[in-house]
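A.B. asks: Quick one: structure below, then a few questions.
Any read-out appearing in this document is the output of simple, stated calculations on the displayed coordinates, not a laboratory observation. As the structure is a prediction and not an experimental result, all values here were calculated from the model. Ideal geometry is used to build each Cβ from the backbone, glycine not excepted, and the neighbour counts take in all protein chains shown.
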Amino acid sequence: MANSTWKIARRSNAQLPLVIVMALAVVLVLLGKAQAGLFDRARMSLTDWMQPLLSVAHAPLVQFDRWVGSVDELFTVYQENLRLKDENARLRQWRNVAVVMQDRVARYQSLLHAVPDPGVDSVLARVIGRASRPFLETMILDAGSSHKIKPGQAVVDARGMIGRIYLAGSRTSWVILLTDLNSRIPVSISPGNRQAIMVGDNTAMPTLDTLSQIVTLRAGDQIVSSGDGGLLPPGLPIGTVVEQGGKYRVALLADASSSEDVEVLAFRKPPEELPSSLELPAVAAGLPPATATPPVITIAPEPPVTAKPVTPPAAQPTSPADQADEDR
Amino acid sequence: MDIAERTGILMSWRSLSVLVPFLCGLFAVLLSNLPLSLTNGLVPAPLLALVPIYFWCLVRPDLMTPAAVFGIGILQDIMGGGPPGVWTLSFVITYAVIDRQRDAFAGLPGLGAVLGFATAALITCASTYFIIALYYWQIPLLSPIVAELAMTAVFYVPGAYLVGLIHRRLVGPLRSEP
């Protein structure tokens, strides 16, 4: 191309800087391994600074995506309409069932005095950017720490969980998607309440690492967040189990590439407090509470009893108070 | 305008034009890492920063120094959002290879130049892949990095045309080397 157009300059004779720079780059990688958040502040400052530009530039792109995505749907719109009508009728039936079941569960909970689930606050945020690098799948939201968003919080859309907050700037935040190489989520598989870790591997369907070797999964089992670790609320819908090439993967309910408005769940499990002394098992059973340092009991041989003449003790005041009492 | 004043302006412009390759690299990083996608994330964004690195490493290595490549790599790491230092090291490795085989790369005409750039992009992507594999101690999926390589190679032709234009307008006339 352009290489033959210009005469080429003299070879750079500074070989030493290249060696130094390469050594610096290796040190940077090692430093990054030890401290992964090395560039986090710079990243967030840049994203916060670009937030107005991203918000403006994202809107026409969304329209363009919708237009491009809907071109091929023009040819299947009739069949799609019939399918959706059928699905809608079935979903209405399921909705009625769900409402009845919800009432029944609420009644049972009130009868059993069940502890209600903790309320979860949420922040509605808009997706203003998506980054798709070879080893990183993220999206950028237009809400940050000024909206009380913190790293680790769950991000969901109407269908299910999308990912977790990875970095939180003042006005923007980065979401690490469930499909990302770095994503690890403790999940629960029902029926059976089996525990597993869902691991992203940059494919559309994350893998499942079951915690027990004897667990057998079936395609169609439901995956929800388990809530282990206290960062994510339990029971968030995530996906269903599918078998692919002898491995179990998760077909996610949410489609992060089409989500525009998402919710960030501000769930924080309060640290478990020590029970009061009245709640201890011994006290509850009616026994005396155990002391922190039990008294040491020494059994000494009793001295032999001998007859002694009884003499009245001499009155010796031991304290000013005693002296005052005697004066009175 | 006397001769001294003209010389002063020329010297200040000359010192600014020295920064043009580095600034082009930084701008390419910003452009390719804008979190906006026309393909809805279907294909990754190309490594546009590799075009000015490759071009000026061949044409004017005195302007595209290892330190400049290091700076461009750091910005790529910051903007890209991945583990720190991965792209920096990959860029520096690529620069080292191009610098050592400079005569071979620079003599490639036409389609050969595109293949030469694709080879440089392959070195970058392969380095990144292996660093990531070591970093996470697992074999990552190959298809995303292959897509990145393909996209980067595709964008070389318009990219090289643009940096060639910039070179001719801003850097070339002031080139001190014959």
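A.B. asks: Output wanted: per-residue J couplings in Hz (rounded whole) for region A:177-182, from phi through Karplus 6.51 cos²θ - 1.76 cosθ + 1.60, θ = phi - 60°, x for Gly and Pro.
C.D. replies: 3J(HN,Hα) across region A:177-182, in whole Hz: 6, 5, 8, 5, 4, 8.
A.B. asks: For the residues A:K150, A:K85, what sequence is obtained by ranking on other C-beta atoms within 10 Å, fewest first?
C.D. replies: Working: A:K150 14, A:K85 10.
Result, fewest neighbours first: A:K85, A:K150.
A.B. asks: Peptide A:44-51: average number of partner chain Cβ atoms within 10 Å per residue? Present the calculation step by step, with values, prior to reporting the outcome.
C.D. replies: On the way: counts 0, 1, 5, 3, 0, 0, 4, 0.
Mean partner shielding for this stretch: 2.
A.B. asks: Cα centroid distance between region B:48-75 and region A:162-217, in Å?
C.D. replies: Distance between centres, Cα-based: 38 Å.
A.B. asks: Follow-up. Just want the ordering: A:V120, A:V29, A:V175, from fewest to most Cβ atoms lying within 10 Å of their own Cβ. Intermediate results must be reported in sequence, preceding the final value.
C.D. replies: On the way: A:V120 14, A:V29 21, A:V175 27.
So the ranking, lowest neighbour count to highest, is A:V120, A:V29, A:V175.
A.B. asks: Continuing with this model, one more query. Evaluate E = 1/(1 + (r/R0)^6) for B:L111 and B:F27, where r is the Cβ-Cβ distance and R0 equals 25 Å; express this FRET efficiency to the nearest 0.05. Spell out each step's value before the answer.
C.D. replies: Details: r = 27 Å, r/R0 = 1.08.
That gives a FRET efficiency of 0.40.
A.B. asks: Quick one: net charge of A:S188's neighbours, Cβ under 14 Å, K/R +1, D/E -1? Intermediate results must be reported in sequence, preceding the final value.
C.D. replies: On the way: positive: A:R194; negative: A:D209, A:D221, A:D228.
Neighbour charge sum, excluding A:S188 itself: -2.
A.B. asks: Once both labels are modelled 7 Å past Cα along the beta-carbon direction, what's the B:A133-A:E73 spacing in nm?
C.D. replies: That separation, rounded to one decimal, is 4.1 nm.
A.B. asks: Another question about this same structure. Please give the calculated 222 nm ellipticity per residue for chain B, where each DSSP H segment of at least 4 residues contributes -39500 (n - 2.57) and the sum is spread over every residue; nearest 500 deg cm²/dmol? Present the calculation step by step, with values, prior to reporting the outcome.
C.D. replies: Details: 9 runs with 122 residues, N = 178.
It lands at -22000 deg cm²/dmol.
A.B. asks: Quick one: which residues, 5 or more positions from A:Y166 or on another chain, have an amide H under 5 Å from its amide H? H modelled 1.01 Å from N in the peptide plane, none for Pro or chain starts.
C.D. replies: A:G152, A:W174, A:V175, A:I176
A.B. asks: Name all residues of region B:127-171 having a backbone nitrogen under 12 Å from the label point set 7 Å from the Cα of A:K33 along its Cα→Cβ direction, giving them as ranges.
C.D. replies: Residues passing the 12 Å test: B:131-138.
A.B. asks: Just to confirm the number: angle between the C-alpha axis of helix B:111-136 and the first principal axis of chain B, 0 to 90 degrees, nearest 10?
C.D. replies: Rounded to the nearest ten degrees, it is 50.
A.B. asks: I'd like the FRET efficiency for B:L162 and A:D86, computed as 1/(1 + (r/R0)^6) with the beta carbon distance as r and R0 of 51 Å, rounded to 0.05.
C.D. replies: Working: r = 53 Å, r/R0 = 1.04.
That gives a FRET efficiency of 0.45.
A.B. asks: Now, a different point. Full-extension gain between A:S110 and A:I214, please, as 0.36 nm times their residue separation minus the C-alpha to C-alpha distance.
C.D. replies: Values: separation 104, 0.36 × 104 = 37.44 nm, distance 3.70 nm.
Here the segment from A:S110 to A:I214 would lengthen by 33.7 nm.
A.B. asks: Something else: Please order A:D40, A:D201 by the number of other Cβ within 10 Å, starting at the fewest.
C.D. replies: Details: A:D40 19, A:D201 16.
Least crowded to most crowded, the residues run A:D201, A:D40.
A.B. asks: Describe numerically, in nm with one decimal, the distance between label points set 7 Å from Cα along Cα→Cβ at A:R184 and at A:T207.
C.D. replies: A separation of 1.4 nm, rounded to one decimal place.
A.B. asks: Give me, ordered by chain and number, the residues 5 or more places off A:R133 or on other chains with an amide H under 5 Å from its own placed amide H.
C.D. replies: A:T138
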